[in-house]
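A.B. asks: Input: one structure, supplied below.
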Amino acid sequence: MLLKDGGLRIANVTKVDAGSYTCLATNQFGTASGSTNLIVTEPTRITLAPSNMDVAVGESVVLPCQVQHDPILDISFTWYFNGTLTDFKKDASHFEKVGGSAAGDLMIRNIQLKHSGKYVCMVKTEVDSVASAADLIVRGSPGPPEHVKVDEITDTTAQISWQEGTDNHSPVTTYTIQARTPFSVGWQRVTTVPDVIDGKTFTTTVVDLNPWVEYEFRVVASNKIGGGEPSLPSEKVRTEEAVPEIPPSEVSGGGGSRSELVITWDPIPEELQNGEGFGYVVAFRPFGTTTWIQTVVTSPDTPRYVFRNESILPFSPYEVKVGVYNNKGEGPFSSVTTVFSAEEEPSIAPSGVSAASLSSSVIEVSWMAIPWKMSSGRLLGYEVRYWNNGGKEESSNRVKAAGNETSIRITGLKSNLAYYAAVRAYNSAGAGPFSATVNATTKKTPPSQPPGNVMWNVTNSRVILSWEEVRAMENESEVTGYKVLYRTSSQSNTNVLNTDKTTAELLLQFNEDYIIEVKATSDGGDGTSSDQILIPSLASMDARGSGPSVLNIFSVSSFLPTIFSLTLNSV
């Protein structure tokens with residue numbers, strides 16, 4: 001078709017239309033012409049187009065965009081998301097173009113709700129362009145419900161309502177209600193009526209609440225993808241007051257001073273007091289009687305009550321129970337338990353008290369047990385007060401012994417010093433009178449000089465030891481004997497041989513090395529040990545030596561005489 005401006009329009013171009021075209025223009029002044037070549041290419045076609053998809057949050061997908069085009073033409077792929085050109089550098093964490101030269105597939109990683117929308121693949125060449133679109137639906141857990149409020153409140157229930165939030169392309173299947181109080185650890189799921197709240201219900205009744213407690217509520221929606229974000233909390237509301245329902249636990253007692261009945265219990269926590277004006281009703285009666293004596297404890301944090309009366313007999317059984325009340329009325333009592341009144345403190349002092357010095361730092365105090373009747377209570381033990389000759393009785397030290405013990409050792413004392421002691425019995429009601437004062441003088445310190453010149457002689461399996469006599473100094477306890485301590489080098493347990501001489505004989509098994517040391521003994525304790533002596537393992541032969549000694553290798557030739565003497569120098 002020849003156009004009015006001289007142009008040529010060719011419709012439905014085919015390959016046969018390719019070639020050289022010349023336009024010739026003529027008027028009265030002459031002729032002009034122009035030529036051009038027409039190249040006819042194959043049209044660009046999308047062979048694999050993106051399709052509508054339905055995915056869940058967190059998945060990864062590929063939207064295909066593959067084409068067939070004329071090889072002489074350059075091709076480019078461009079993606080649009082909701083009408084906006086996709087920036088692959090800016091959105092590299094989610095978007096990537098894949099597929100090679102003849103494809104412009106779009107990979108979307110870790111899909112989020114924001115990626116829902118229309119995706120368009122645009123394919124361009126120098127002569128044509130084609131496009132294909134697909135809708136991507138991303139389904140996720142629901143958004144938070146809105147406008148949560150408490151419509152009605154009683155002492156144990158609350159009527160809750162809310163409005164639905166976004167379902168994020170997956171219908172809400174259920175709602176759950178959570179509550180928080182000043183006493184709870186974070187948000188806790190609560191019981192509702194109905195127990196299961198379907199996705200079309202926007203109101204419920206919360207039950208089993210505690211009276212007179214401040215609550216906040218929030219709602220969580222769920223769908224087949226999972227649970228969504230919780231709603232904002234409702235305004236704080238307080239449940240109404242009610243009569244207390246829980247009595248104190250661990251009701252017990254006992255102890256105290258003469259003519260006292262001590263009753264104890266675990267206080268009721270604030271969230272279970274059910275209202276203002278909370279307190280306790282303490283009831284008690286002597287065992288075997290019918291009339292209860294009652295008193296009121298107005299402080300909710302008080303864990304005990306003490307009844308004082310001169311008529312109370314020592315260690316008498318009482319039946320006890322503790323109830324609760326508040327401004328709404330009285331609640332239940334605890335179960336009845338038996339509590340004993342205060343015991344009577346011991347009235348007599350121990351007899352037969354004596355003191356004996358055991359060493360330079362230890363004194364033993366003994367006594368006879370005082371006569372005691374169970375009707376007076378439980379005897380806890382004895383208290384021993386002690387002080388030295390230079391100290392004052394008022395600033396004395398004290399140690400205690402259990403009720404069935406009749407002696408105690410006092411340690412950590414100074415040597416050669418007189419100590420005084422007195423004993424008295426005690427129980428939970430107090431302590432009795434002290435016994436008469438007794439005294440004992442700690443012994444002098446043990447000898448400081450170690451046994452010297454320790455010699456040893458081995459004959460077959462016998463080890464004969466000898467050493468120089470230890471002489472105590474004037475301020476030291478006299479030597480009463482000696483201790484020989486011996487063990488194998490591979491053992492930690494030490495054997496002890498006592499002797500009053502400066503020699504000793506040991507029968508040893510000589511398949512191991514032996515370590516031996518000697519120390520003096522005295523009334524003041526053990527003295528300083530000699531240096532350790534190492535006797536090497538020997539087999540059917542004789543040896544002798546002196547200590548201290550260190551021996552690493554000890555070998556004997558079978559051609560040596562039967563008796564072999566060895567003197568070890570001090571190291």
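A.B. asks: Taking Arg385 and the conditions (1) surrounded by 13 or more Cβ atoms within 10 Å (Cβ to Cβ); (2) free of Cβ contacts under 8 Å to residues at least 40 places away in the same chain; (3) of a type outside the set (Ser, Thr, Tyr), which numbered condition does it fall short on, given that it satisfies the others?
C.D. replies: Of (1) surrounded by 13 or more Cβ atoms within 10 Å (Cβ to Cβ); (2) free of Cβ contacts under 8 Å to residues at least 40 places away in the same chain; (3) of a type outside the set (Ser, Thr, Tyr), only one is false for Arg385: (2).
A.B. asks: Which of the strands (runs of 3 or more DSSP E) found entirely inside segment 490-534 contain at least 2 residues meeting this: open to solvent by less than 80 Å² (accessible area, probe 1.4 Å) and among the polar types (S, T, N, Q)?
C.D. replies: Fully inside segment 490-534 and qualifying: 495-499, 514-522, 525-529.
A.B. asks: Moving to a separate point now. Go over the candidates Ser407, Ser448, Ser415, Ser395 one by one and state the one that is without any contact (Cβ under 8 Å) to a residue 12 or more places away in the chain, closer than 22 Å to Val362 by Cβ, out of contact with any helix residue (DSSP H, G or I) (no Cβ under 6 Å at 6 or more places or on another chain) and of a type in the set (Gly, Ala, Ser).
C.D. replies: Ser395
A.B. asks: With segment 1-84 as the region, which strands (runs of 3 or more DSSP E) entirely inside it contain at least 1 residues that are within 60 Å of the chain's Cα centre (by Cα)?
C.D. replies: The qualifying strands (runs of 3 or more DSSP E) are 45-48, 53-56, 61-63, 66-68, 76-81.
A.B. asks: Could you grab the pairs with beta carbons closer than 8 Å, sequence gap of 6+ or different chains, first residue in segment 345-359 and over 16 Å from Ala425 (Cα atoms), second one in a strand (DSSP E or B) and of a type in the set (Phe, Trp, Tyr)?
C.D. replies: Ala355/Tyr419
A.B. asks: Something else about it: Starting from residues that are open to solvent by 30 Å² or more (accessible area, probe 1.4 Å) and farther than 17 Å from Ser132 by Cβ, keep the ones in segment 95-114 and report whichever is farthest from the chain's Cα centre (by Cα).
C.D. replies: Filtering segment 95-114 for residues that are open to solvent by 30 Å² or more (accessible area, probe 1.4 Å) and farther than 17 Å from Ser132 by Cβ, the one farthest from the chain's Cα centre (by Cα) comes out as Ser101.
A.B. asks: May I ask you to list pairs of residues, at least six apart or on different chains, whose Cβ atoms are under 9 Å apart, with the first in segment 192-219 being under 17 Å from Ser231 (Cα atoms) and the second being basic (Lys, Arg) and open to solvent by 70 Å² or more (accessible area, probe 1.4 Å)?
C.D. replies: Short answer, once both residue conditions are applied: Tyr215/Arg180; Tyr215/Lys236; Tyr215/Arg238; Glu216/Arg180; Glu216/Lys236; Phe217/Lys149; Phe217/Arg180; Arg218/Arg180.
To keep it simple, each residue is scored yes or no on (1) open to solvent by 100 Å² or more (accessible area, probe 1.4 Å); (2) closer than 23 Å to Ser129 by Cα; (3) among the β-branched types (Val, Ile, Thr).
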position: Val13; (1), (2), (3): no, yes, yes
position: Asp17; (1), (2), (3): no, yes, no
position: Ser20; (1), (2), (3): no, no, no
position: Thr36; (1), (2), (3): no, no, yes
position: Glu42; (1), (2), (3): no, yes, no
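A.B. asks: Could I ask something else about it? Out of the strands (runs of 3 or more DSSP E) lying entirely within segment 130-213, which hold 2 or more residues that are open to solvent by less than 40 Å² (accessible area, probe 1.4 Å) and out of contact with any strand residue (DSSP E or B) (no Cβ under 8 Å at 6 or more places or on another chain)?
C.D. replies: Counting at least 2 such residues, we get no strands (runs of 3 or more DSSP E) at all.
A.B. asks: Gly275: touching a strand residue (DSSP E or B) at 6+ places or on another chain (Cβ under 8 Å), of a type in the set (Gly, Ala, Ser), surrounded by 14 or more Cβ atoms within 10 Å (Cβ to Cβ) and part of a strand (DSSP E or B), yes or no?
C.D. replies: no
A.B. asks: Within segment 227-254, take every residue that is out of contact with any Lys or Arg (no Cβ under 9 Å at 6 or more places or on another chain) and open to solvent by less than 20 Å² (accessible area, probe 1.4 Å) and give me the one that is nearest to Ser341 (Cα to Cα).
C.D. replies: Ranking the qualifying residues of segment 227-254, first place goes to Pro248.
A.B. asks: Kindly evaluate Ser257 against the criterion of being among the small types (Gly, Ala, Ser), part of a loop (DSSP other than H, G, I, E, B) and closer than 30 Å to Asp167 by Cα.
C.D. replies: no
The values are calculated or read from the model by the stated rules, or taken from the named source; none is laboratory data. The shown structure was predicted, so the numbers you read here are calculated from the model rather than taken from an experiment. Every residue, glycine as well, gets a Cβ built from its backbone with ideal geometry; the counts of neighbours run over all protein chains shown. Just the protein is used for accessible areas: all its heavy atoms, side chains included, with ligands, DNA and RNA removed. Shrake-Rupley method; radii C 1.70, N 1.55, O 1.52, S 1.80 Å.
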